[in-house]
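Take a look at the structure below.
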Amino acid sequence: MSSMKLLSFPFLVFSKIVNSMELMEIFELSQVSRRILNRLHLSRIPVGTVSVVSGKSDEIVFYEKNNRTKRDFMILFLKKSQPIVSRMKVNNVCIDVWFVKTFIEQKLKLEKNVNRKIIRCNSNQFGYGLIHVLTHLDKIFSRIDFGLGIEINMVPVLKGILSHQIFQKCIYVQFRGGKEILSNEIFDYLLEKTQPTIGITIFCSLNPDFDYKKILHFSRLRALNLGKMPLKDLKALDCEIAILGGHQFEETDINEFLHHWIKGNNRKLRRLKLDGFQEVPDWDILLKDIVHTEWNPKERGRYYKSKYTNTMETIDCQNGRDFKNKEGQMATVVHHWKFLDFLIWNDPLPE
(Lines give C-alpha, C1' and ligand atoms only; values in the text may rest on other atoms or scores of the structure.)
Protein backbone atom coordinates (compact mmCIF):
# COMPACT_ATOMS: atom_id res chain seq x y z
CA MET A 1 0.00 0.00 0.00
CA SER A 2 1.47 3.39 -0.99
CA SER A 3 1.87 6.19 1.55
CA MET A 4 -0.56 8.37 -0.44
CA LYS A 5 -3.28 5.73 -0.24
CA LEU A 6 -2.56 5.28 3.45
CA LEU A 7 -2.93 9.01 4.09
CA SER A 8 -6.28 9.02 2.30
CA PHE A 9 -7.83 6.96 5.09
CA PRO A 10 -9.59 8.69 8.00
CA PHE A 11 -7.30 9.05 10.95
CA LEU A 12 -8.94 6.33 13.05
CA VAL A 13 -8.54 3.84 10.19
CA PHE A 14 -4.95 4.98 9.63
CA SER A 15 -4.23 4.55 13.33
CA LYS A 16 -5.67 1.04 13.38
CA ILE A 17 -3.61 0.02 10.34
CA VAL A 18 -0.27 1.29 11.64
CA ASN A 19 -0.86 -0.16 15.09
CA SER A 20 -1.15 -3.57 13.44
CA MET A 21 2.16 -3.18 11.58
CA GLU A 22 5.51 -4.55 12.68
CA LEU A 23 8.04 -2.16 14.19
CA MET A 24 10.43 -2.32 11.27
CA GLU A 25 7.59 -1.50 8.88
CA ILE A 26 6.60 1.47 11.04
CA PHE A 27 10.21 2.67 11.19
CA GLU A 28 10.55 2.48 7.40
CA LEU A 29 7.16 4.15 6.85
CA SER A 30 8.14 7.02 9.17
CA GLN A 31 10.90 8.04 6.74
CA VAL A 32 8.52 8.63 3.82
CA SER A 33 7.39 12.15 4.73
CA ARG A 34 6.93 14.53 7.65
CA ARG A 35 3.17 14.21 7.27
CA ILE A 36 3.38 10.44 7.75
CA LEU A 37 5.69 10.92 10.73
CA ASN A 38 3.25 13.34 12.39
CA ARG A 39 0.34 10.95 11.86
CA LEU A 40 2.33 8.07 13.31
CA HIS A 41 3.03 10.09 16.43
CA LEU A 42 -0.66 10.95 16.84
CA SER A 43 -1.54 7.25 16.49
CA ARG A 44 0.00 6.52 19.92
CA ILE A 45 1.76 3.36 18.79
CA PRO A 46 3.11 1.33 21.71
CA VAL A 47 6.65 -0.02 21.59
CA GLY A 48 8.77 -2.27 23.74
CA THR A 49 12.09 -1.14 25.18
CA VAL A 50 14.71 0.12 22.75
CA SER A 51 18.18 -0.95 23.86
CA VAL A 52 21.33 0.93 22.86
CA VAL A 53 24.62 -0.94 23.14
CA SER A 54 28.05 0.63 22.66
CA GLY A 55 31.39 -1.11 23.01
CA LYS A 56 32.59 -4.27 21.29
CA SER A 57 29.49 -3.91 19.12
CA ASP A 58 27.38 -0.85 18.41
CA GLU A 59 23.69 -1.58 17.97
CA ILE A 60 20.13 -0.40 18.53
CA VAL A 61 17.76 -3.24 19.40
CA PHE A 62 13.97 -3.03 19.24
CA TYR A 63 11.98 -5.43 21.39
CA GLU A 64 8.50 -6.69 20.61
CA LYS A 65 5.58 -4.55 21.75
CA ASN A 66 3.91 -7.36 23.67
CA ASN A 67 7.02 -9.24 24.78
CA ARG A 68 9.89 -7.12 26.03
CA THR A 69 12.31 -10.05 26.12
CA LYS A 70 12.09 -10.88 22.38
CA ARG A 71 13.95 -8.87 19.78
CA ASP A 72 11.89 -7.48 16.93
CA PHE A 73 14.61 -5.93 14.77
CA MET A 74 18.06 -4.40 15.03
CA ILE A 75 20.17 -1.62 13.59
CA LEU A 76 23.80 -2.77 13.61
CA PHE A 77 26.74 -0.44 13.06
CA LEU A 78 29.48 -2.57 11.53
CA LYS A 79 33.20 -1.87 11.37
CA LYS A 80 33.84 -3.87 8.19
CA SER A 81 32.98 -1.79 5.13
CA GLN A 82 30.24 -2.95 2.77
CA PRO A 83 28.61 -1.44 -0.34
CA ILE A 84 25.95 1.22 0.30
CA VAL A 85 22.53 -0.04 -0.80
CA SER A 86 20.38 2.85 0.42
CA ARG A 87 20.09 5.62 2.99
CA MET A 88 17.71 6.04 5.87
CA LYS A 89 16.50 9.54 6.65
CA VAL A 90 15.97 10.20 10.34
CA ASN A 91 15.57 13.55 12.06
CA ASN A 92 16.39 15.30 8.76
CA VAL A 93 19.78 13.59 8.31
CA CYS A 94 20.78 10.66 6.12
CA ILE A 95 22.65 7.58 7.32
CA ASP A 96 24.23 5.14 4.88
CA VAL A 97 22.66 1.69 4.89
CA TRP A 98 24.88 -1.21 3.87
CA PHE A 99 22.43 -4.04 4.14
CA VAL A 100 18.78 -4.74 4.98
CA LYS A 101 17.60 -8.27 5.45
CA THR A 102 14.81 -10.30 6.98
CA PHE A 103 15.71 -13.94 7.38
CA ILE A 104 14.80 -17.05 9.33
CA GLU A 105 17.41 -17.96 11.91
CA GLN A 106 17.54 -21.64 12.91
CA LYS A 107 17.72 -21.73 16.68
CA LEU A 108 18.03 -24.78 18.91
CA LYS A 109 16.20 -27.86 17.68
CA LEU A 110 13.59 -27.57 20.41
CA GLU A 111 12.84 -23.93 19.53
CA LYS A 112 10.91 -22.43 16.67
CA ASN A 113 12.70 -20.59 13.89
CA VAL A 114 12.93 -16.85 14.57
CA ASN A 115 12.52 -13.95 12.16
CA ARG A 116 15.52 -11.63 12.31
CA LYS A 117 15.13 -8.20 10.74
CA ILE A 118 18.41 -6.29 10.54
CA ILE A 119 19.56 -2.96 9.14
CA ARG A 120 23.35 -2.74 8.87
CA CYS A 121 25.11 0.61 8.83
CA ASN A 122 28.60 2.07 9.00
CA SER A 123 30.08 2.09 12.52
CA ASN A 124 31.73 5.43 11.74
CA GLN A 125 28.22 6.91 11.75
CA PHE A 126 27.19 5.42 15.09
CA GLY A 127 28.03 8.47 17.16
CA TYR A 128 26.67 10.80 14.51
CA GLY A 129 23.58 8.77 13.81
CA LEU A 130 22.63 7.54 17.26
CA ILE A 131 21.10 10.78 18.52
CA HIS A 132 19.20 11.28 15.26
CA VAL A 133 17.82 7.72 15.28
CA LEU A 134 16.70 8.00 18.92
CA THR A 135 15.19 11.44 18.39
CA HIS A 136 13.35 10.12 15.33
CA LEU A 137 12.01 7.17 17.34
CA ASP A 138 10.84 9.57 20.02
CA LYS A 139 8.80 11.36 17.34
CA ILE A 140 7.19 8.12 16.14
CA PHE A 141 6.07 6.49 19.35
CA SER A 142 3.88 8.02 22.02
CA ARG A 143 5.96 6.58 24.84
CA ILE A 144 9.34 4.97 24.47
CA ASP A 145 11.72 3.53 27.05
CA PHE A 146 15.44 3.41 26.35
CA GLY A 147 17.93 1.04 27.94
CA LEU A 148 21.65 1.76 27.62
CA GLY A 149 24.48 -0.75 27.81
CA ILE A 150 27.91 0.83 27.51
CA GLU A 151 31.52 -0.28 27.88
CA ILE A 152 32.89 2.14 30.44
CA ASN A 153 35.99 2.81 28.33
CA MET A 154 33.62 4.26 25.72
CA VAL A 155 32.21 6.91 28.06
CA PRO A 156 35.01 9.47 27.42
CA VAL A 157 34.64 8.88 23.66
CA LEU A 158 30.87 9.41 23.71
CA LYS A 159 30.73 12.27 26.23
CA GLY A 160 29.42 14.78 23.71
CA ILE A 161 26.71 12.40 22.54
CA LEU A 162 25.65 11.33 26.03
CA SER A 163 25.02 14.97 26.91
CA HIS A 164 21.98 15.00 24.62
CA GLN A 165 18.67 15.20 26.48
CA ILE A 166 17.29 12.12 24.69
CA PHE A 167 19.34 9.94 27.05
CA GLN A 168 17.35 11.28 30.00
CA LYS A 169 14.59 8.94 28.81
CA CYS A 170 16.70 5.94 29.90
CA ILE A 171 14.99 3.61 32.33
CA TYR A 172 17.91 1.24 32.74
CA VAL A 173 21.70 1.42 32.39
CA GLN A 174 24.29 -1.37 32.16
CA PHE A 175 27.91 -0.61 32.98
CA ARG A 176 30.01 -3.08 30.97
CA GLY A 177 33.69 -3.91 30.80
CA GLY A 178 35.47 -7.19 31.46
CA LYS A 179 38.74 -5.89 32.94
CA GLU A 180 37.72 -2.26 33.29
CA ILE A 181 37.37 -0.57 36.69
CA LEU A 182 34.35 1.66 37.29
CA SER A 183 35.36 4.92 38.96
CA ASN A 184 33.20 7.38 40.87
CA GLU A 185 33.85 9.97 38.16
CA ILE A 186 32.57 7.86 35.25
CA PHE A 187 29.65 6.55 37.30
CA ASP A 188 28.60 10.06 38.34
CA TYR A 189 28.85 11.38 34.79
CA LEU A 190 26.81 8.61 33.21
CA LEU A 191 24.15 8.72 35.92
CA GLU A 192 23.86 12.50 35.57
CA LYS A 193 23.31 12.24 31.81
CA THR A 194 20.96 9.24 31.77
CA GLN A 195 19.10 9.46 35.09
CA PRO A 196 17.76 5.87 34.90
CA THR A 197 14.36 5.55 36.54
CA ILE A 198 14.28 1.79 37.16
CA GLY A 199 17.71 0.38 37.75
CA ILE A 200 21.31 -0.34 36.91
CA THR A 201 23.51 -3.37 36.30
CA ILE A 202 27.25 -3.22 36.93
CA PHE A 203 29.21 -6.00 35.23
CA CYS A 204 32.65 -4.48 35.75
CA SER A 205 34.70 -4.23 38.93
CA LEU A 206 34.41 -1.20 41.21
CA ASN A 207 37.22 1.12 42.14
CA PRO A 208 38.46 0.55 45.73
CA ASP A 209 37.22 4.02 46.74
CA PHE A 210 33.82 3.58 45.06
CA ASP A 211 31.01 5.27 46.97
CA TYR A 212 28.42 2.49 47.43
CA LYS A 213 25.82 4.91 48.74
CA LYS A 214 25.27 6.05 45.14
CA ILE A 215 23.76 2.72 44.08
CA LEU A 216 21.55 1.87 47.06
CA HIS A 217 18.40 3.72 46.00
CA PHE A 218 17.65 2.13 42.62
CA SER A 219 14.54 -0.03 42.42
CA ARG A 220 16.57 -2.70 40.60
CA LEU A 221 20.26 -3.20 41.39
CA ARG A 222 22.56 -5.87 40.01
CA ALA A 223 26.29 -5.74 40.75
CA LEU A 224 28.40 -8.78 39.93
CA ASN A 225 31.69 -7.59 41.47
CA LEU A 226 30.64 -5.73 44.57
CA GLY A 227 34.04 -5.83 46.26
CA LYS A 228 34.38 -4.64 49.84
CA MET A 229 31.02 -3.03 50.31
CA PRO A 230 30.61 -2.55 54.08
CA LEU A 231 27.76 -4.08 56.03
CA LYS A 232 26.48 -0.63 57.02
CA ASP A 233 25.79 0.09 53.32
CA LEU A 234 24.01 -3.23 52.87
CA LYS A 235 21.80 -2.33 55.83
CA ALA A 236 21.03 1.00 54.12
CA LEU A 237 19.78 -0.79 50.99
CA ASP A 238 16.70 1.00 49.58
CA CYS A 239 16.09 -1.26 46.56
CA GLU A 240 13.16 -3.52 45.78
CA ILE A 241 15.37 -6.17 44.20
CA ALA A 242 19.15 -6.42 44.67
CA ILE A 243 21.31 -9.13 43.09
CA LEU A 244 24.82 -8.88 44.47
CA GLY A 245 27.94 -10.86 43.61
CA GLY A 246 31.63 -10.81 44.45
CA HIS A 247 30.92 -9.48 47.96
CA GLN A 248 32.57 -10.10 51.33
CA PHE A 249 29.50 -10.96 53.39
CA GLU A 250 29.38 -14.14 55.48
CA GLU A 251 26.73 -15.80 57.66
CA THR A 252 27.38 -13.47 60.61
CA ASP A 253 26.90 -10.42 58.36
CA ILE A 254 23.67 -11.79 56.91
CA ASN A 255 22.43 -12.54 60.41
CA GLU A 256 22.98 -8.92 61.42
CA PHE A 257 21.21 -7.75 58.25
CA LEU A 258 18.21 -10.00 58.96
CA HIS A 259 17.93 -8.63 62.49
CA HIS A 260 18.05 -5.15 60.98
CA TRP A 261 15.13 -6.04 58.67
CA ILE A 262 13.15 -7.65 61.48
CA LYS A 263 13.27 -4.35 63.37
CA GLY A 264 11.31 -2.72 60.52
CA ASN A 265 14.05 -1.43 58.23
CA ASN A 266 14.56 -1.86 54.44
CA ARG A 267 10.82 -1.43 53.86
CA LYS A 268 11.05 -1.38 50.06
CA LEU A 269 13.03 -4.60 49.83
CA ARG A 270 11.36 -7.59 48.20
CA ARG A 271 14.39 -9.69 47.28
CA LEU A 272 18.08 -9.81 48.15
CA LYS A 273 20.07 -12.41 46.21
CA LEU A 274 23.70 -13.04 47.17
CA ASP A 275 26.19 -15.29 45.42
CA GLY A 276 29.24 -16.92 47.02
CA PHE A 277 27.38 -19.60 48.98
CA GLN A 278 28.50 -22.73 47.12
CA GLU A 279 27.72 -24.81 50.19
CA VAL A 280 24.58 -24.78 52.31
CA PRO A 281 25.10 -22.05 54.94
CA ASP A 282 25.45 -22.75 58.63
CA TRP A 283 21.85 -22.07 59.62
CA ASP A 284 22.72 -21.85 63.31
CA ILE A 285 24.96 -18.87 62.59
CA LEU A 286 22.86 -17.29 59.88
CA LEU A 287 19.65 -17.45 61.92
CA LYS A 288 21.11 -16.94 65.37
CA ASP A 289 18.53 -15.45 67.79
CA ILE A 290 15.88 -15.38 65.06
CA VAL A 291 12.64 -17.26 65.69
CA HIS A 292 12.05 -19.23 62.52
CA THR A 293 10.25 -22.27 61.12
CA GLU A 294 10.64 -24.61 58.19
CA TRP A 295 8.15 -24.52 55.34
CA ASN A 296 4.53 -25.04 56.31
CA PRO A 297 2.19 -25.26 53.26
CA LYS A 298 -0.61 -23.82 55.40
CA GLU A 299 1.43 -20.68 56.09
CA ARG A 300 2.85 -19.87 52.65
CA GLY A 301 3.21 -21.17 49.10
CA ARG A 302 6.16 -23.19 47.91
CA TYR A 303 7.16 -20.92 45.03
CA TYR A 304 8.14 -17.26 45.07
CA LYS A 305 7.86 -15.26 41.84
CA SER A 306 10.23 -12.39 41.17
CA LYS A 307 10.42 -10.08 38.15
CA TYR A 308 13.68 -8.16 37.90
CA THR A 309 12.83 -6.29 34.69
CA ASN A 310 10.95 -8.27 32.05
CA THR A 311 11.42 -11.96 32.85
CA MET A 312 9.54 -13.67 35.66
CA GLU A 313 11.68 -15.97 37.81
CA THR A 314 10.26 -18.71 40.03
CA ILE A 315 12.19 -19.65 43.19
CA ASP A 316 11.51 -22.94 44.96
CA CYS A 317 11.29 -22.17 48.69
CA GLN A 318 10.47 -25.66 49.95
CA ASN A 319 13.74 -25.84 51.88
CA GLY A 320 13.60 -22.24 53.10
CA ARG A 321 13.43 -20.91 56.64
CA ASP A 322 10.57 -18.56 57.48
CA PHE A 323 10.35 -15.71 59.97
CA LYS A 324 8.53 -12.41 60.39
CA ASN A 325 9.45 -8.83 61.12
CA LYS A 326 8.00 -6.81 63.99
CA GLU A 327 5.01 -5.87 61.80
CA GLY A 328 4.18 -9.49 61.02
CA GLN A 329 5.41 -9.55 57.42
CA MET A 330 6.75 -12.94 56.41
CA ALA A 331 10.14 -13.53 54.83
CA THR A 332 12.03 -16.60 53.70
CA VAL A 333 15.75 -17.23 53.41
CA VAL A 334 16.61 -20.13 51.11
CA HIS A 335 19.78 -21.59 49.62
CA HIS A 336 19.85 -22.82 46.04
CA TRP A 337 22.87 -23.77 43.97
CA LYS A 338 25.48 -21.14 44.95
CA PHE A 339 23.05 -18.41 45.98
CA LEU A 340 21.41 -17.29 49.17
CA ASP A 341 18.02 -15.67 48.61
CA PHE A 342 16.21 -13.46 51.09
CA LEU A 343 12.59 -13.09 49.96
CA ILE A 344 9.78 -10.97 51.42
CA TRP A 345 6.23 -12.15 50.76
CA ASN A 346 3.45 -9.76 49.79
CA ASP A 347 1.01 -12.65 49.69
CA PRO A 348 2.29 -15.81 51.43
CA LEU A 349 -0.59 -17.88 50.07
CA PRO A 350 -1.14 -16.82 46.45
CA GLU A 351 -3.94 -18.56 44.60
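Can you compute log10 of I(q)/I(0) for the chain with the Debye formula, treating each Cα as one identical point scatterer, at q = 0.15, 0.16 Å⁻¹?
Each listed q maps to, in turn, -1.24, -1.32.
Over the range 131-246, what relative contact order in percent results from Cα pairs under 8 Å that are six or more residues apart?
Relative contact order, the range 131-246: 20 percent.
Roughly how tilted is helix 184-194, in degrees to the nearest 10 and between 0 and 90, from the longest Cα axis of the chain?
That works out to roughly 50 degrees.
Helix 126-140 versus the longest principal axis of the chain: what is the Cα-based angle in degrees, 0 to 90, to the nearest 10?
90 degrees
Enter the accessible area of THR197 (Å², nearest 10), with the probe set to 1.4 Å and all protein chains included.
THR197 exposes around 100 Å² with every protein chain in place.
Would you please give the residues with an amide H less than 5 Å from that of CYS121, counting only those at least 5 places away or on a separate chain, with H modeled from the backbone geometry?
It is LEU76, PHE77, LEU78, TRP98, by chain and number.
Between ARG87 and GLU22, what is 0.36 nm times their sequence separation minus the Cα-Cα distance? Round to one decimal in nm. Mind dumping the intermediate values first?
Values: separation 65, 0.36 × 65 = 23.40 nm, distance 2.02 nm.
Gain on extension, ARG87 to GLU22, equals 21.4 nm.
Given the pairs LYS169/LYS228; LYS268/LYS298; LYS5/LYS89; LYS139/LYS305; LYS232/LYS298; LYS89/LYS117, which are separated by over 30 angstrom at their Cα positions? Show your work: numbers first, answer last.
Working: LYS169/LYS228 32 Å; LYS268/LYS298 26 Å; LYS5/LYS89 21 Å; LYS139/LYS305 36 Å; LYS232/LYS298 36 Å; LYS89/LYS117 18 Å.
Check vs 30 Å cut-off fails for LYS169/LYS228; LYS139/LYS305; LYS232/LYS298.
Step through the residues of the range 265-277 one at a time and calculate ³J(HN,Hα) from phi using the Karplus curve (6.51 cos²θ - 1.76 cosθ + 1.60, θ = phi - 60°), rounding each to whole Hz and writing x for Gly and Pro.
For the range 265-277, the Karplus-derived couplings read 8, 6, 5, 7, 4, 10, 7, 10, 10, 10, 8, x, 10 Hz, x marking Gly and Pro.
Whenever you get a sec, line up GLU151, GLU240 from highest to lowest accessible area (probe 1.4 Å, protein heavy atoms). Present the calculation step by step, with values, prior to reporting the outcome.
On the way: GLU151 30, GLU240 75 Å².
Result of the area sort, largest leading: GLU240, GLU151.
Out of LEU286, TYR304, LEU6, whose Cα points farthest toward the positive end of the dipole of the chain (charges: +1 Lys, Arg; -1 Asp, Glu; placed on Cβ)?
Positive-most Cα among the choices belongs to LEU6.
Give the accessible area for TYR189 in Å² (nearest 10); use a 1.4 Å probe, count only protein heavy atoms, and leave out ligands, DNA and RNA.
Rounded to the nearest 10, that gives 40 Å².
Which FRET efficiency value, to the nearest 0.05, do you get for LYS326 and SER142 by plugging their Cβ-Cβ distance into 1/(1 + (r/R0)^6) with R0 = 51 Å? Write out the running numbers ahead of the final one.
Values: r = 45 Å, r/R0 = 0.88.
Approximately 0.70, to the nearest 0.05.
List the residues, sorted by chain then number, that are 5 or more residues from ASP72 or on another chain and whose placed amide H is less than 5 Å from its amide H.
PHE62, TYR63, GLU64
What ³J(HN,Hα) values, in whole Hz, does the Karplus curve 6.51 cos²θ - 1.76 cosθ + 1.60 give for the range 285-295 when θ = phi - 60°, with x put for Gly and Pro?
Residue by residue, the range 285-295 yields 7, 5, 10, 4, 6, 10, 6, 9, 9, 7, 4 Hz.
Pick out which of ALA331, ALA236, ALA223 has the largest mean-square fluctuation in a Gaussian network model of the chain, springs linking Cα atoms closer than 10 Å.
Greatest mean-square fluctuation among the candidates belongs to ALA236.
So for ASP58, ASP188, what's the accessible-area order with a 1.4 Å probe, most first? Could you put the intermediate results ahead of the total?
Working: ASP58 15, ASP188 70 Å².
Greatest to least solvent exposure: ASP188, ASP58.
Remind me, relative contact order of the chain in percent, using alpha carbon pairs under 8 angstrom and six or more residues apart?
Details: 659 pairs, mean separation 33.6, N = 351.
Relative contact order comes out at 10 percent.
Using a Gaussian network model of the chain whose springs link C-alpha atoms within less than 10 Å, name the residue from ASN265, ASN153, ASN38 with the highest mean-square fluctuation.
Ranking ASN265, ASN153, ASN38 by mean-square fluctuation puts ASN38 first.
Tilt of helix 251-262 relative to the longest C-alpha principal axis of the chain, in degrees (0 to 90, nearest 10)?
On a 0 to 90 degree scale, this one is about 80.
Under a GNM of the chain (C-alpha, springs under 10 Å), which listed residue has the highest mean-square fluctuation: PHE126, PHE167, PHE11?
Of PHE126, PHE167, PHE11, the most mobile in the Gaussian network model is PHE11.
List the residues, sorted by chain then number, that are 5 or more residues from GLN174 or on another chain and whose placed amide H is less than 5 Å from its amide H.
The answer is LEU148, GLY149, ILE150, THR201.
In terms of solvent-accessible area of protein heavy atoms at a 1.4 angstrom probe, what is the ranking of VAL13, VAL173, VAL93, VAL85, highest value first?
Working: VAL13 60, VAL173 0, VAL93 25, VAL85 90 Å².
Largest accessible area first, the list is VAL85, VAL13, VAL93, VAL173.
How high is the relative contact order of the range 55-98? Use alpha-carbon pairs under 8 Å, at least six apart in sequence, and give a whole percent. Spell out each step's value before the answer.
On the way: 49 pairs, mean separation 11.9, N = 44.
After rounding, I find 27 percent.
Helix-only mean residue ellipticity at 222 nm, the chain, DSSP H runs n ≥ 4 weighted -39,500 (n - 2.57), per residue, nearest 500. What is it? All intermediate terms of the calculation are to be shown ahead of the outcome.
On the way: 10 runs with 81 residues, N = 351.
It comes out at -6000 deg cm²/dmol, rounded to the nearest 500.
The values are calculated or read from the model by the stated rules, or taken from the named source; none is laboratory data. Computed from a predicted structure; not experimentally measured. All Cβ positions, glycine included, derive from the backbone under ideal geometry; neighbour counts span all protein chains shown. These accessible areas exclude ligands, DNA and RNA; they are computed on the full protein's heavy atoms, side chains included. Shrake-Rupley method; radii C 1.70, N 1.55, O 1.52, S 1.80 Å.
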